[in-house]
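A.B. asks: Please see the structure below; I have some questions.
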Amino acid sequence: MDMTGEYRIPARREDVWEAMNDPEVLKKSIPGCQSLEKVSDTEMTAKVVSKIGPVKATFNGHVTLSDIDPPKGYHISGEGKGGVAGFAKGGADVHLAEDGAETVLTYEAKAQVGGKLAQLGSRMIDSTAKKMADEFFANISEHFGGTPGEEEGVLEHAVHEMEDVARDAEEKLEVAAGRGYLGGPIAWGFAALGVLILVILILS
Amino acid sequence: MGVEGIGARVLRKEDKRFITGRGRYTDDMTVPGMCHAAFVRSPHAHAKITSIDASVAEGMPGVIGFLNGQQLQGDGIGNLICGWMIHSKDGSPMNMGAWPALASETVRYVGQAIAVVVAETRAQARDAADAIVVEFEELDAVADAVSALKDGAPQLHPEAPGNLIYDWEIGDSSAVDAAIASAAHVTKMEIVNNRLVPNAMEPRAALGVYDPADEHYTVWTTSQNPHVARLVMSAFYNVAPEHKLRVIAPDVGGGFGSKIYIYPEEIVCLWASKRTGVPVKWVADRTEAFLTDAHGRDHVSHVEMAFDADNRMTALKVDTVANFGAYMSLFSSSVPTYLYATLLSGQYVIPAIHCNVKAVYTNTTPVDAYRGAGRPEATYVLERIVETAARELGVSPAELRRKNFIREFPYQTPVIMAYDAGDYEVSLEAAMAAADWNGFADRRAEAESRGKKRGIGMSCYIEACGIAPSQAVGSLGAGVGLWESAEVRVNPVGTVEILTGSHSHGQGHETTFAQLVNERFGLPVDNVQIVHGDTDKVQFGMGTYGSRSGAVGMSAIVKALDKVESKAKKIAAHLLEASEGDIVIENGEVKVAGTDRKLGWHEVCLAAYTAHNLPDGMEPGLKEGAFYDPTNFTFPAGCYICEVEVDPDTGKTQIIQFVAADDFGKIINPMIVEGQVHGGLAQGIGQAMLEGCSYDKESGQLMTASYMDYTMPRADDMPSFNVSTTETICPGNPLGMKGCGEAGAIGSPPAVINAITDAIGTNDLNMPATPEKVWRAIHAA
């Protein structure tokens, strides 16, 4: 499964980069996240309870950063094990590009799911990803004192391109994820990383 | 035709218990002290097992025992085998990789059994199985057969370099190449036959019981062929000696081939019963059925058909890659070879045919025979390319077929099969008349006025049933003979028990077989009991598959009935002081022809058992057995026509009408035959439009492992079928029967796709033709 996304963040690239390294805020913002700890400069572990379709499980995830090139980007890879529910693993190249006072974050993620997650939940993964991303943005927004719907147009669009291998078909979904959820520049850094972790740890 | 004899629409005797919920299936069986098994299965398509930790599981409530593959091997339980030897064209035997019932080192498909937990309840067993921690070292996986053949592909078995099981051929390659080179027209296509999941209504199940008092084993299991299961489990898997093993297959709720094979679970249940000292039952849940029931089809073929200037077929060249999954299932090797390529002549005179088949390992569920087994794949290849050729040549598809029909019988094809009888023109005309083929242009115009695209498609199939002449299949590599047995026990009161080695899993044997007795002796079908599915009751038999229960199973019954009739007539002649040649049996009476002297059937039977007054030297009793080995396959054939309407805005296809005109030879019960055809058509239309088993190409994960993602046909997907039969008598068996169990699934997929491609004006469309695929094909065309 391949997913790509692009986010326009109204913050300087350095601020976004910095925000992508604070586990505490991430933990509060990722839906179902019970713990998220930085074990080294390049490694994090997380425990996330998630429900995808009929499969509900606690995923123990391990995330590694490599090809680190501050503040331009890195490669993030990881896997989440959900016991009998199956597993998810994958990686993503993350790029931060300056655009005036704003930052454009893009990622290209490649991920696999296995076990019951694949057998029973594969059809739900895309919609679950969108739902959890929305939830994540709302949490971030609230964390910085904002409320949903306060501002518009910050996140112009996020395009999830998903190859639905099960039906050997490609669908392009325009996902207006998080439209209007805003807390401040730094939140978008967390949001971006949060989506990546969600993608890798849990969803796809 | 009597009211219950051959040709009568007798209601199915077995349906009373089925429709009132009183069928008795394997999961209905309970024995004292019975415990339950749950299997630990691989979540990975390809991985090495590095450790198995059952410490938590073994202490959980109700857990009786935990067993793994090392213990299984230690107890000498043998690997699963494929029982049909195929040699590659270079003469080398097929490359079969080892398949242990429980994997201890390497797993090669998602769902492969690794270990088993036995506990007091099913829930306890499943909870404990979930608590077993298996660590894996993941390996690269490959899910599709074409990729598995490429250099650098992940390798599954050391026994099969390059993942190649065999590279087999049939026919005259140089004759085919010469004919193609000099042809007036050559049609070329790549044709994919999609992988299917069998989805029998009753999931697989097993209850294994070891009795230490007699050192005897009993297994209740969902089997289409309990005797074969006993033979294979004793002779090859060393689970139990054959004379100490009883295999019982009670009511079986559908199989479609998937219940022919002996799977790891029934082996493990029996073995675990001895190991743990308790009876062990396992019943698959639906996910396990998706993951572990042998799948069907999965071919990719390059096909070329050559024509001369007069549109006569001159050659057919087929190059097929067949996906076998991770292991060779029991009869897997025969499906894309002798059950497939030997049918590639279809209903046509094709002077030169060559077919090459590469059988390939992949990290997917094993593939084996599924309703039609090879013949649907052959029919799809042939009937799609014939239809496409007609379009390219600008001739009517009916005329192109008609021009090339075989018209003289027996007909020796270039690919082993010798057709004994048929009349393809008659089926074609019957189907075209029933479908109002000539009125299609008007209907298409009318649909066009509503913005819809109408199409009509045809398929003229042939298949080989009545599997099979033992000597012939033996020479082709079969590990067993494919005769059938029967025993007719006439009781002293005149009622009859038929013991047959075939075994119904939905086909209505209890009714059809009883009708045969009614036809012979005039006894009510209620006075006839069919006994099957139990190795302790029935003499050896080969089971039910390949539409063989009528043509082979009933032929054995006929032979046994002949013996019974002969003896009954001798007794009656003796008692009536008449010549044996003057005795006739009809309507339950035994008469001297042309006189009023007669005895009741029951009087003759009682005399056989009282033995007070039998002819000199005659043994008492009235019970006879017979074995019947067919002399040839039978060749059901027919013509199917499908008419569809496609909504170009959504790609949604509606079947407007589906016509089936089949030649099944002699028909015993037309109602049951129609039911078989209806079921087969639903399955074939399901394959054509709805069902597609899909693996993630890289990870080998099964992405369609539930009914959320795998679409089964429903009633509202189907039109009201227009089913009829034509008849040419099969000369090869005493009843003239051909077999009807698979025809619907064989003939229908190409008819559907030919109709849809006719509607949307392209030849490029793969099954299942979902609305999305059809929509994309419309927009690509």
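Taken together, the values in this text are just the output of simple stated rules run on the coordinates, not laboratory data. Note that the structure is a prediction, hence the values are computed from the model and not measured. All Cβ positions, even for glycine, are placed from backbone atoms using ideal geometry, and neighbour counts span all protein chains on display.
A.B. asks: Assuming R0 = 30 Å, can you tell me the calculated FRET efficiency for the pair B:L164 and B:Q73, based on Cβ-Cβ distance, to the nearest 0.05? If you can, show how the numbers build up before the last one.
C.D. replies: Numbers: r = 27 Å, r/R0 = 0.89.
Once rounded, the FRET efficiency stands at 0.65.
A.B. asks: For labels at A:T42 and B:E215 in the simple 7 Å Cα→Cβ model, what's the distance in nm?
C.D. replies: 6.3
A.B. asks: Moving on to the next point. Among B:H509, B:L606, B:G581, flag the residue with its Cα farthest along the positive direction of the charge dipole of the range B:483-628, charges on Cβ as +1 for Lys/Arg and -1 for Asp/Glu.
C.D. replies: Of the candidates, B:H509 comes out farthest on the positive side.
A.B. asks: With a ≥ b ≥ c the root eigenvalues of the C-alpha gyration tensor of the range B:9-116, is it rounded (a/c under 1.5), prolate (a/b larger than b/c) or oblate?
C.D. replies: oblate
A.B. asks: May I ask for the distance between the Cα centers of the range B:67-91 and the range B:655-717, given as a whole number of Å?
C.D. replies: First find each Cα centre; the distance between them is then 32 Å.
A.B. asks: Still on this structure, please answer the following. Could you put B:S258, B:S42 in order, starting from the residue whose Cβ has the fewest other Cβ atoms within 10 Å? Please report the intermediate quantities before stating the final value.
C.D. replies: On the way: B:S258 27, B:S42 24.
Neighbour counts put them in this order, fewest first: B:S42, B:S258.
A.B. asks: Something else about it: If I take R0 = 35 Å and measure r between the Cβ atoms of B:E425 and B:S470 in this structure, what FRET efficiency does the formula 1/(1 + (r/R0)^6) give, to the nearest 0.05?
C.D. replies: 0.55
A.B. asks: If you don't mind, another one. Could you pull out the longest piece of chain B with no exposed loop GluC sites (Glu not before Pro) in it, calling a site exposed if DSSP puts it outside H, G, I, E, B and it has at most 13 other Cβ atoms within 10 Å?
C.D. replies: Answer from the scan: B:578-781.
A.B. asks: Sticking with this one: When N is the residue count of chain B, what does its C-alpha Rg come to as a fraction of 2.2 N^0.38 Å?
C.D. replies: 0.99
A.B. asks: Taking the convex hull of the Cα atoms, report for the range B:483-628 its projected area averaged over all directions, in nm².
C.D. replies: 8.6
A.B. asks: Which trypsin sites (Lys or Arg not before Pro) from the range B:384-491 combine a DSSP loop assignment with at most 16 other Cβ atoms within 10 Å?
C.D. replies: Qualifying residues, ordered by number: B:R407, B:R450.
A.B. asks: Using helices alone, what [θ] at 222 nm do you get for the protein assembly as shown, with -39,500 (n - 2.57) per DSSP H run of 4 or more residues, divided over all residues and rounded to the nearest 500?
C.D. replies: -8000 deg cm²/dmol
A.B. asks: Counting pairs of alpha carbon atoms under 8 Å apart in space and at least six apart in sequence, what relative contact order in percent does the range B:483-628 give?
C.D. replies: So the answer I get is 33 percent.
A.B. asks: At q = 0.14, 0.26 Å⁻¹, what base-10 log of I(q)/I(0) does the Debye formula yield for the range B:118-195 when every alpha carbon is treated as an equal point scatterer in vacuo?
C.D. replies: -0.84, -1.19
A.B. asks: Test of understanding: what is the full-extension gain from B:S579 to B:R22, defined as 0.36 nm times their sequence separation minus their Cα-Cα distance? Each step should come with its number before you reach the end.
C.D. replies: Working: separation 557, 0.36 × 557 = 200.52 nm, distance 4.84 nm.
That pair, B:S579 and B:R22, stretches by 195.7 nm at full extension.
A.B. asks: Now for a separate question. Add +1 for every Lys or Arg and -1 for every Asp or Glu among the other residues with Cβ under 11 Å from the Cβ of B:N95, and state the total. Walk me through the numbers before you get to the answer.
C.D. replies: On the way: positive: none; negative: B:E159, B:D167.
Overall, the nearby charge balance is -2.
A.B. asks: Also, I was wondering about something else. What percent of all Cα-Cα pairs in the range B:558-601 falls in each 10 Å bin, counting up from 0?
C.D. replies: Here the calculated profile for the range B:558-601 is 32, 58, 10.
A.B. asks: In debye to the nearest 20, how big a dipole does the protein assembly as shown give about its Cα centre with +1 on each Lys and Arg Cβ and -1 on each Asp and Glu Cβ? Working shown, then result.
C.D. replies: Details: 83 positive and 129 negative charges, 440 e Å.
Here the protein assembly as shown has a charge dipole of around 2120 debye.
A.B. asks: If I model a spin label at B:E448 and B:D562 as a point 7 Å from the Cα along the Cα→Cβ vector, what separation in nanometres do I get?
C.D. replies: The answer from the label model is 6.0 nm.
A.B. asks: Dimensions of the range B:355-428 along principal axes (Cα, Å, largest first)?
C.D. replies: 44, 32, 22
A.B. asks: For each of A:K28, B:K150, A:K47, count neighbouring Cβ atoms within 10 Å of the residue's Cβ, then give the residues from fewest to most.
C.D. replies: Going from sparsest to densest Cβ surroundings: B:K150, A:K28, A:K47.
A.B. asks: Here is a further query. Could you list the square roots of 5 times each eigenvalue of the Cα gyration tensor of the protein assembly as shown, that is, the equivalent ellipsoid semi-axes, sorted largest first and rounded to whole Å? Kindly include the intermediate steps, with their values, before the conclusion.
C.D. replies: On the way: eigenvalues 635, 260, 117 Å².
Semi-axes from the Cα gyration tensor: 56, 36, 24 Å.
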